[in-house]
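S.K.: Structure incoming, see below.
The values are calculated or read from the model by the stated rules, or taken from the named source; none is laboratory data. What you see is a predicted model, and the numbers here were worked out from it, not measured in a lab. Please note: Cβ atoms are built from the backbone with ideal geometry, for glycine as well, and neighbour counts cover all protein chains shown. Accessible surface areas use protein heavy atoms only, side chains included; no ligands, DNA or RNA. Shrake-Rupley method; radii C 1.70, N 1.55, O 1.52, S 1.80 Å.
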Amino acid sequence: MNYYIFALLAAFLFGVAPVFSKIGLEGVNPGVALTIRSSVITCVMLFWVMLMGGPDMLSEVTPRGWFFLALDGISAALLGQLFYYYALKSGEASIVVPLVASFPVFTFIIALFFLGERLTAMKASGLVLVVLGVILLKV
């Protein structure tokens with residue numbers, strides 16, 4: 001399947017998820033909500049991994065891979081999601097989501113320093129548009 005299709009499916013699902021989150025957070029502590037979300041995801045993914053090859057697939061991951069994927073999970077799936085839930089619980093989804101979606105700005109800056117990615121006029125223009133989009137949605 002073409003990566004554009006996967007990207008559009010991801011964008012759609014990332015777009016609909018905050019609606020479910022906002023409704024689900026009514027009367028629920030964000031930490032409890034994240035525990036429920038993470039537990040369901042863990043069960044589904046364990047089932048999927050077992051269907052696809054199980055322990056053999058997990059043993060193919062290097063210690064370096066485990067370390068950086070764990071950091072990814074802690075930063076995005078745990079802390080980022082928890083802060084997002086706290087923001088979404090008390091803020092408007094139409095403001096919180098675009099603000100959170102400005103993460104490419106941070107990714108780009110960090111990638112410049114740690115991954116050696118290059119700054120181009122096109123990338124800089126895109127970052128400016130991301131920031132302007134967030135500002136316009138907030139107004």
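S.K.: Can you tell me how many residues within segment 1-16 are closer than 12 Å to ALA101 by Cβ and hydrophobic (A, V, I, L, M, F, W, C)?
M.R.: 2
S.K.: Could I ask something else about it? Any chance segment 91-102 includes a residue that's modelled with pLDDT of 95 or more and polar (S, T, N, Q)?
M.R.: Scanning segment 91-102 turns up no residue that is modelled with pLDDT of 95 or more and polar (S, T, N, Q).
S.K.: While we're looking at this one, here's another question. Considering only residues that are of a type in the set (D, E, K, R) and surrounded by 11 or more Cβ atoms within 10 Å (Cβ to Cβ), which ones fall in segment 113-127?
M.R.: GLU117, LYS123
S.K.: Against the definition (touching a Phe, Trp or Tyr at 6+ places or on another chain (Cβ under 7 Å) and open to solvent by less than 80 Å² (accessible area, probe 1.4 Å)), how does VAL130 come out, yes or no?
M.R.: Considered against the rule, which asks whether it is touching a Phe, Trp or Tyr at 6+ places or on another chain (Cβ under 7 Å) and open to solvent by less than 80 Å² (accessible area, probe 1.4 Å), VAL130 comes out as no.
S.K.: So in segment 44-73, with the set limited to residues that are open to solvent by less than 100 Å² (accessible area, probe 1.4 Å) and not in a helix (DSSP H, G or I), which one is farthest from GLY31 (Cα to Cα)?
M.R.: GLY53
S.K.: Has segment 85-101 got at least one residue that is more than 24 Å from VAL16 (Cβ to Cβ) and surrounded by 12 or more Cβ atoms within 10 Å (Cβ to Cβ)?
M.R.: No: zero hits.
S.K.: Additional query: Which residues, taken from segment 74-84, are among the hydrophobic types (A, V, I, L, M, F, W, C) and either surrounded by 12 or more Cβ atoms within 10 Å (Cβ to Cβ) or in contact with a Ser or Thr (Cβ under 6 Å, 6 or more places away or on another chain) (or both)?
M.R.: Residues satisfying the conditions are ALA76, ALA77, LEU78, LEU79, LEU82, PHE83.
S.K.: So, one more: Of all residues in segment 14-35 being under 17 Å from the mean Cα position of the chain (by Cα) and open to solvent by 100 Å² or more (accessible area, probe 1.4 Å), which is farthest from ALA93 (Cα to Cα)?
M.R.: Checked segment 14-35; the qualifying residue farthest from ALA93 (Cα to Cα) is PHE14.
S.K.: If you don't mind, there's one more thing I want to ask. So which pairs qualify, if the first residue must be in segment 6-34 and in contact (Cβ under 8 Å) with a residue 60 or more places away in the chain and among the small types (Gly, Ala, Ser), the second must be part of a helix (DSSP H, G or I) and open to solvent by less than 80 Å² (accessible area, probe 1.4 Å), the Cβ gap must be under 6 Å, and the two must be at least 6 apart or on different chains?
M.R.: From residues that are in contact (Cβ under 8 Å) with a residue 60 or more places away in the chain and among the small types (Gly, Ala, Ser), the pairs are SER21/LEU88.
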